[in-house]
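Taking it in order: structure first as structure tokens, then the write-up.
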Amino acid sequence: MDAGSASAGRGDRTLNWQDHPDLPANGTPLCRIDEIPDQNGREVCFGAGKENFKILLLRQGQQVWTYVNFCPHFSLPLNYEPQTFVTLDGLIMCAHHTAFFNFNDGRCVDGPCIGDGLVALPSFVQDEVVYFGSGSPAVAQ
């Protein structure tokens, strides 16, 4: 679960995801593993409006990958409707332009952005919960 350095969101391809104003804090819980459909995805959003920070979580069994929910082809989320993703055999398809991406590395293997990839985000699993960032869960104050 590496952190990518490409841009994401806000309609501006030059904005690094690390600079997004709605970026969750390190250790922020995203969801429980069992809230991500097996062999499918779940979107978790931070902030309000169309320009919020959208996180895509993909799951196969107990393995989870975390990406910015942002297609590199046309700067749109991969899902057309909330929590509705098209997946097949470890691939997720962009609902807008039919680009296919690997779950395990985010690389586009078919479609208009072949060779590009999704932006990986840092995450970790502890006690069946997926957290944003690296390290330990955020402590409530």
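The values are calculated or read from the model by the stated rules, or taken from the named source; none is laboratory data. None of the values given here were measured: they were computed from a predicted structure. Every residue, glycine as well, gets a Cβ built from its backbone with ideal geometry; the counts of neighbours run over all protein chains shown.
Every residue in segment 32-50 that is within 21 Å of F100 (Cα to Cα) and either in contact (Cβ under 8 Å) with a residue 40 or more places away in the chain or not in a strand (DSSP E or B) (or both), please. Hits for segment 32-50 are I36, P37, D38, Q39, N40, G41, R42, E43. The test for being in contact with a Pro (Cβ under 9 Å, 6 or more places away or on another chain), farther than 18 Å from K50 by Cβ and at pLDDT below 95 does not hold for D89.
Set side by side, the residues C45, C71, C31 differ, and just one is more than 12 Å from the chain's Cα centre (by Cα) and hydrophobic (A, V, I, L, M, F, W, C), which is C31. Of all the residues in segment 72-94, those that are surrounded by fewer than 24 Cβ atoms within 10 Å (Cβ to Cβ) and part of a loop (DSSP other than H, G, I, E, B) number 13. Among the criteria (1) crowded, with 18+ Cβ neighbours inside 10 Å; (2) over 21 Å from E128 (Cα atoms); (3) modelled with pLDDT of 95 or more; (4) under 12 Å from the mean Cα position of the chain (by Cα), the one V64 does not fulfil is (2).
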